[in-house]
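Here it is, the structure, as structure tokens.
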Amino acid sequence: MGKLPERNDIPPWVGTPEVLTEPRVFQVQTGLLEAVFGPDGSRIPFVEEVSKVILQMKGLEASDLAEVMVSGSYLFKFQTKWMLQPVA
């Protein structure tokens, strides 16, 4: 998939920066990220806006896994992780 996208800005639908302190984290095979989020993460902004969260991905060294971090309010983090885990 190439380089995983990084986010440095806080979209307005997330709310206050305090909700970003404890992200929910799960691991996904790197190859599946393109199927879920589109080529080069093109669907990430849409998923973030609809889910009202910030998604961050980080490739894990010496593994074909990537760490997906979901930041936002508790309810939106829970719903987004619940939605993405079975797909990935």
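Please treat every number below as a calculation from the coordinates, not as lab data. What you are looking at is a predicted structure, and each value in this text was computed from that prediction instead of being measured. Methodologically, a virtual Cβ is constructed for each residue, glycine included, from the backbone with ideal geometry; neighbour enumeration extends over all protein chains shown.
Residue by residue, what Karplus-based ³J(HN,Hα) values in Hz, rounded to whole numbers, does the range 54-63 have, using 6.51, -1.76 and 1.60 with θ = phi - 60° and x for Gly and Pro?
So the Karplus estimates, Gly and Pro as x, are 10, 9, 10, 10, 9, x, 8, 5, 6, 7 Hz.
Also, quick follow-up: Run lengths n ≥ 4 of DSSP H only: what is the helix-derived mean residue ellipticity at 222 nm for the chain, with -39500 (n - 2.57) per run over all residues, to the nearest 500? If you can, show how the numbers build up before the last one.
Working: 3 runs with 30 residues, N = 88.
Helices in the chain give a 222 nm mean residue ellipticity of -10000 deg cm²/dmol.
Let me ask you something else. Which loop GluC sites (Glu not before Pro) in the range 22-88, with loop taken from DSSP, have no more than 11 other Cβ atoms within 10 angstrom of their Cβ?
Passing sites in the range 22-88 are Glu61.
Candidates (i) 19.5, 62; (ii) 12.2, 36; (iii) 19.2, 56; which is the computed Rg and Dmax of the Cα atoms in Å?
Working out Rg and Dmax of the Cα atoms in Å from the coordinates points to (ii).
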